[in-house]
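A quick write-up on the structure given underneath.
The values are calculated or read from the model by the stated rules, or taken from the named source; none is laboratory data. Here the structure is a predicted model, which is why all the values come from computation and not from measurement. Here the Cβ is made from the backbone with ideal geometry for all residues, glycine too, and neighbour counts use every protein chain on show. Accessible surface is based on the protein model in full, side chains and every heavy atom, while ligands, DNA and RNA are left aside. Shrake-Rupley method; radii C 1.70, N 1.55, O 1.52, S 1.80 Å.
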Amino acid sequence: MSYAKSTFRHPALQPNALGYSKRDYEGGLSTLCAGCGHDSVGAAIVQACFEANIEPHKVAKISGIGCSSKTPAYFLGKSHGFNSVHGRMPSVATGANMANRDMIYLGVSGDGDSASIGFGQFAHVNRRNLNMLYMVENNGCYGLTKGQDSATTDVGSASKKGVANPFTAIDLCATALEMGATFVARSFSGDKEQLVPLIKAALRHPGFAFIDVLSPCVTFNNTATSTKSYDYVREHAAATGAIDVIPMKEEITTDYQPGHNHEVTLHDGSVVHLYKGDVELDVTSRDSAQAAIRRHQSEGSVLTGLLYMDPQSRDFHQMVNSIKGPLRDLGESALCPGQTALDAINASFR
Amino acid sequence: MRPSDIAEPEHFHKVVDCQYACPAHTPVPQYIRLIAQQRYSEAYLLNWESNVFPGVLGRTCDRPCEPACRRGRVEEEPVAICRLKRVAADFKEDIKAQLPTIPEQKNGKRVALIGAGPAALTVARDLAPLGYQLDIYDAQPKGGGFMRSQIPSFRLPAAVLDEEVGYILDMGPTTHFNHYVDSLKSIVDKGYDAVFVGSGAPRGRDLPNLPGRQEADSDIHIGIDWLANVAFEHTKAIGEKVIVLGGGNTAMDCCRTALRLGGTDVKVIVRSPFDEMKASAWEKEDAIHEDIPIIDNHVPSEFVLESGKLVGMRFDKVEAQYDDNGKRSLVPTGEQVFYPCDQVLVAIGQENAFPWIERDIGIEFDKWECPVVDATSFQSTLPQVFFGGDAAFGPKNVITAVAHGHQAAISIDLFCQGESVLQRPAPRTNLISQKMNIHDWTYDNGVASDLRYVVPLADKQQALADRRLEVELGFDVATAYQEAERCLNCDVQTVFDAANCIECDACADVCPTSCINFTADGDEDDLRGRLNAPSTNRDQVLYIADGLKTGRIMAKDENVCLHCGLCAERCPTGAWDMQQFNYQVTKSAELLAVPLVQIQESVG
Ligand SMILES: Cc1cc2nc3c(=O)[nH]c(=O)nc-3n(C[C@H](O)[C@H](O)[C@H](O)COP(=O)(O)OP(=O)(O)OC[C@H]3O[C@@H](n4cnc5c(N)ncnc54)[C@H](O)[C@@H]3O)c2cc1C
Ligand SMILES: Cc1ncc(C[n+]2csc(CCOP(=O)(O)OP(=O)(O)O)c2C)c(N)n1
Ligand code: SF4
Ligand code: SF4
Ligand code: SF4
Ligand SMILES: [Mg+2]
């Protein structure tokens with residue numbers, strides 16, 4: 001069992017525009033199960049931050065509890081981090097963001113952490129349009145506690161235990177749209193070509209950006225009867241392909257050709273259709289996004305890619321007209337304005 | 001791209017850079033692991049099977065393996081492969097009992113070997129265990145060829161050479177030392193079943209037309225002849241001021257020897273620019289370490305005499321200029337320089353010379369007066385006569401001579417058994433999983449980030465006072481272990497089984513050097529242009545596998561794989577496995593069934 005990764009990297013890999021190598025964005029060697037989708041999500045975050053020329057020390061990773069919430073240990077090892085309580089990542093992120101709005105907030109959570117115990121917190125952080133990227137590594141189970149069904153487990157889906165889930169699933173993208181998120185996307189841990197540009201775009205989005213990443217639990221929920229297995233997601237994923245049209249400062253591209261239909265023949269002869277580019281989706285319309293999600297659901301496929309984006313997003317700070325800079329930049333006179341200022345405040349309540 | 005055929009022996013062999021580059025294909029990483037485990041005798045025997053002279057080569061090998069070493073592609077310096085070989089030789093126990101037994105009952109075939117250099121001695125070693133009756137002829141008083149007459153004792157102590165030459169002479173060939181063969185016909189006429197010519201490239205180049213050459217003859221020596229005279233103690237001193245002409249390894253040995261024989265002002269003067277000298281980098285370093293100036297870009301124009309005595313040499317200064325094709329010409333600057341000297345050693349190259357081979361006995365010679373020899377079988381145009389070592393294709397080095405010897409021995413054996421010399425035996429290969437436990441490997445898969453360790457040297461003053469005192473001291477056991485840990489175990493291959501792969505990307509994500517890709521198929525140029533990391537080293541193959549569920553392919557660029565095994569550790573389905581690839585050049589045909597020495601790498 002290896003506890004460390006060699007420090008050697010490919011000698012021909014060039015540093016990014018800031019002079020950082022990819023290694024500067026990596027973390028410790030993963031202790032997750034071999035093959036866990038969460039590790040691929042971590043690798044996508046590393047790649048995206050490297051490509052987006054983000055300064056590692058400008059990032060704060062905040063997470064809850066779960067295998068997914070453990071993953072910040074395995075990427076961005078030079079960034080700040082807070083591994084909080086189960087389902088409470090949004091409050092910690094909100095507090096941190098209020099104190100220092102100059103940081104880049106990356107929340108990492110699981111379907112259990114966000115859709116069960118933390119569902120209330122999840123709803124409110126959406127409503128506040130807190131400027132952060134909130135990622136759920138969604139495996140449709142509680143991986144860390146041995147694979148119990150979660151609130152995102154589809155009706156009828158059965159994990160390793162073999163019992164079909166009877167309860168309605170929460171669609172976290174639909175919830176985020178309903179609750180006010182201003183950037184909503186879904187992706188798959190096994191599709192970095194889609195996921196990396198989505199993360200790069202979301203990191204730049206001014207407001208609450210939510211990405212639901214289907215990320216199979218290889219140990220408990222990668223069965224033939226599960227709708228969150230590698231094979232199922234691959235066979236049922238349908239991409240919006242809209243990522244190429246994001247109006248961003250910097251152009252973000254994927255290898256997908258919008259509107260192009262893909263056919264992949266599997267070893268058993270079945271054919272998987274990947275619809276790159278959903279003509280009926282208007283990514284700037286919540287209603288259109290909700291309809292597209294529902295339509296694909298009823299067709300038995302999972303719509304991935306960028307679903308919604310509000311170009312007019314105003315984040316929490318703008319909404320409440322808070323202070324323009326980080327609190328740590330405030331001088332003593334601003335922090336302790338003195339008796340006269342206090343008297344003036346008290347007087348205003350009389 | 002076509003999926004890789006990993007059953008084809010050369011596929012994984014190319015991944016073991018050092019072994020592939022070694023002319024004798026010594027299984028380097030295997031012996032380095034044995035050294036790390038302090039199993040020096042086994043490390044020695046593994047070497048001995050491949051290269052016959054581990055103690056000699058561990059000190060003097062030209063080491064083509066080191067520039068090839070993968071470590072040099074991820075870090076500045078390669079593993080000190082050569083010096084680790086010496087560790088095996090230095091710390092082994094008595095291994096005589098493990099050497100092959102020689103049958104009392106001979107096989108009735110007689111073979112003559114002309115020369116007792118590394119090439120002929122290798123032929124002897126490979127044929128003696130098969131029951132061949134061997135006659136070795138050499139003009140020198142002892143065996144070893146140039147290893148004895150040319151390589152100075154301060155690089156190769158006589159005891160080391162005696163021991164390894166002795167292992168072969170103890171196998172019972174009949175030796176005819178001090179016996180110069182002046183007619184190949186006389187040997188052929190003796191009715192040998194086969195004759196091997198391993199007579200080397202014994203003629204040193206001269207500057208016969210340089211003004212003053214004849215007049216100063218007594219103070220001008222041909223480098224290789226002079227070194228032989230020193231080795232056999234016919235020459236014991238040299239003048240104080242010595243000029244060594246030439247920029248190859250012979251020049252380096254000449255200047256360092258001259259310094260030990262009384263030279264106080266010894267300099268090397270060479271035509272070409274310093275960086276383009278033929279000498280190995282480390283040989284130049286050793287000369288410089290002994291404060292010998294190397295003066296480059298000087299072309300000799302004249303030996304200068306006063307009152308009939310050599311007093312110095314004149315040179316034309318030149319400048320290297322390169323045309324569009326990179327072809328070099330040395331253009332005189334017009335400046336002339338004089339350097340005083342008492343004696344000159346001419347070390348400007350060697351060539352083949354076969355005055356003793358009659359031109360009418362069926363051996364064809366080419367326009368350079370070299371015999372026509374088949375590059376695979378080493379057979380000449382006279383079917384029972386074979387060539388090898390420097391005699392076959394011009395001056396090379398010991399390890400090349402050994403490699404030739406192995407192949408010539410196979411040919412001689414085939415020929416004597418009445419079989420075609422073109423039916424070459426395949427190398428012996430196998431792949432063995434190194435998995436011990438779910439995440440445990442038999443080998444040390446962690447990659448040490450150590451830099452190359454330096455071999456300690458003897459005190460300079462002492463070394464210069466005694467030409468027999470070995471300059472390099474060799475690694476001690478502790479340093480040898482650390483250096484051995486730098487080896488990346490390139491023979492432990494990443495073997496991929498597409499049928500088990502679920503395309504979770506775990507291997508591609510964890511790989512420190514971004515080797516692994518799951519991507520759409522394409523031709524090689526296309527693929528190399530779009531892998532996760534730049535893929536420009538075409539000497540290293542792409543390992544391609546198809547049969548994945550998504551229809552993509554797995555493309556692994558072997559170039560900078562660290563063999564760290566993380567891909568296999570992170571694979572949930574065992575689609576990757578770390579398997580040790582054994583590649584052994586088959587020695588003389590019959591040895592196929594009975595390996596010369598039996599070495600098992602034990603688990604753990
Ligand atoms: C100064 C110098 C330093 C070198 N240093 C190194 C080094 O550090 N590392 C390295 O790898 N290589 C080195 N080499 C090269 C290396 O020594 C040779 O490439 C190698 O020894 C060739 O082996 P061989 O078996 O072909 O012939 P040789 O070693 O040359 O042996 C040929 C033998 O044949 C004998 N012989 C020749 N003709 C006849 C005849 N007609 N009758 C009887 N006997 C005959 C000779 O006496 C000699 O003993 C060096 C060479 C020189 C000149
Ligand atoms: C307050 C509290 N309740 C329950 C738990 C037990 N617990 C730990 S992780 C977990 C579920 C995690 O599921 P998810 O967020 O989907 O993460 P995964 O492991 O699947 O990535 C639970 C219920 C806990 N640690 N703390
Ligand atoms: S239990 Fe599941 S989610 Fe947790 S590390 Fe293992 S595979 Fe990943
Ligand atoms: S790292 Fe080891 S196995 Fe690889 S080329 Fe170098 S010496 Fe050989
Ligand atoms: S052994 Fe595997 S993980 Fe390690 S460098 Fe090679 S391909 Fe990458
Ligand atoms: Mg989960």
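Some points to look at:
- At R0 = 56 Å, FRET efficiency that the Cβ-Cβ distance of B:E163 and A:A17 yields, to 0.05: 0.40
- For the residues A:C336, A:C36, A:C49, a GNM of chain A with alpha-carbon springs under 10 Å puts the largest fluctuation on A:C336.
- Computed FRET value (nearest 0.05) for B:K327 with B:L451, which takes r as the C-beta separation and R₀ as 41 Å: 0.65
- Dipole in debye (nearest 20) - the range B:205-349, about Cα centre, beta carbon charges: Lys, Arg +1; Asp, Glu -1: 160 debye
- The per residue volume of the convex hull around the alpha-carbon atoms of the range B:1-44 is 92 Å³.
- Overall Cα dimensions of the range B:205-349 - principal axes, largest extent first, Å: 49, 37, 24
- Most mobile of A:V125, A:V320, A:V196 in a GNM of chain A (Cα contacts under 10 Å): A:V320
- q = 0.16, 0.20, 0.22 Å⁻¹, the range B:374-491: log10 I(q)/I(0) [Debye, one scatterer per Cα]: -0.91, -1.02, -1.13
- Cα-derived Rg to Rh of the range A:1-79, Kirkwood definition: 0.96
- Quarter of the Cα convex hull surface for chain A, i.e. its orientation-mean projected area (nm²): 21.3 nm²
- Centre-to-centre, using Cα atoms only, the range B:454-517 and the range B:186-217 are separated by 41 Å.
- Between B:H25, A:P90, B:P103, the Cα set farthest toward the positive side of the dipole of the protein assembly as shown (charges on each charged residue's Cβ, about the Cα centre) is that of A:P90.
- Charge sum, other residues only, whose C-beta stays under 13 Å from A:T153's C-beta, Lys/Arg counted +1 and Asp/Glu -1: -1
- What a 1.4 Å probe finds exposed on the range B:38-173 is 48% carbon and sulfur by accessible area, rounded to a whole percent.
- Extending 7 Å from the Cα toward the beta-carbon at both A:R127 and A:D282 defines two label points whose distance is 2.8 nm.
- Over 31 Å between alpha carbons, listed pairs A:K146/A:K192; B:K142/B:K236; A:K78/A:K192; A:K146/B:K549; B:K185/B:K236; A:K146/B:K435: B:K185/B:K236
- Rough spin-label spacing in nm, given labels placed 7 Å along Cα→Cβ, for B:A520 and B:K236: 8.1 nm
- A simple charge model with +1 on the Cβ of Lys and Arg, -1 on the Cβ of Asp and Glu and nothing else charged puts the dipole of the protein assembly as shown at about 2100 debye relative to its Cα centre.
- Antiparallel beta bridges, as assigned by DSSP with both residues in the protein assembly as shown, represent about 50 percent of the total such bridges.
- The alpha carbon radius of gyration of the protein assembly as shown, expressed as a multiple of 2.2 N^0.38 Å, is 1.23.
- Peptide B:564-572 has a mean of 4 when you count, residue by residue, the C-beta atoms of other protein chains within 10 Å of its C-beta.
- Chain A - charge dipole about Cα centre, Lys and Arg +1 at Cβ, Asp and Glu -1, debye rounded to 20: 1000 debye
- Shielding by other protein chains, A:42-53, mean Cβ within 10 Å: 1
- Placing one equal scatterer on every Cα of chain B and applying the Debye formula, the log10 ratio I(q)/I(0) at q = 0.07, 0.10 Å⁻¹ is -0.50, -0.98.
- Accessible-area composition of chain A, carbon plus sulfur, in percent [1.4 Å probe]: 54 percent
- Other residues with beta-carbon under 13 Å from the beta-carbon of B:S218 carry, at +1 per Lys or Arg and -1 per Asp or Glu, a net charge of -2.
- Debye-sum result for the range B:308-463 in log10 I(q)/I(0), which assumes one identical scatterer on each alpha carbon, at q = 0.11 Å⁻¹: -0.93
- Take the Kirkwood radius over Cα pairs of the range B:282-359, plug it into Stokes-Einstein at 20 °C and 1.002 mPa s, and you get 135 µm²/s for translational diffusion.
- Along each principal axis, Cα extent of the range A:279-350, largest first, Å: 66, 30, 20
- In straight-distance terms, cross-link reach from B:K14 covers every one of the lysines whose alpha-carbon lies under 22 Å from its own, apart from those fewer than eight places away in the same chain; here that gives B:K85, B:K556, B:K587.
- For B:M436 and B:E93, the difference between the fully extended length at 0.36 nm per residue and the C-alpha to C-alpha distance is 120.5 nm.
- Of A:S288, A:S322, A:S226, the residue with the greatest mean-square motion in the GNM of chain A, using alpha carbon springs below 10 Å, is A:S322.
- Positive-end extreme of charge dipole, the range B:205-349 - chosen from B:G223, B:V244, B:V266 (charges on Cβ): B:G223
- Amide N of the range B:473-498 lying under 20 Å from the label point, which is placed 7 angstrom from the Cα of B:E285 along Cα→Cβ: B:473-488
- DSSP beta bridges fully contained in chain B are about 60 percent antiparallel.
- Over the C-alpha atoms of the range A:159-226, the Rg to Rh ratio, Rh being the Kirkwood estimate, stands at 1.06.
- Cα gyration tensor shape of the range B:190-232, rounded if a/c is under 1.5, else prolate or oblate by comparing a/b with b/c: prolate
- Among the residues of A:233-239, the average count of other protein chain beta-carbon atoms within 10 Å of the residue beta-carbon is 1.
- As a calculated quantity, the FRET efficiency between B:E104 and B:A426 at R0 = 30 Å, using C-beta atoms, amounts to about 0.45.
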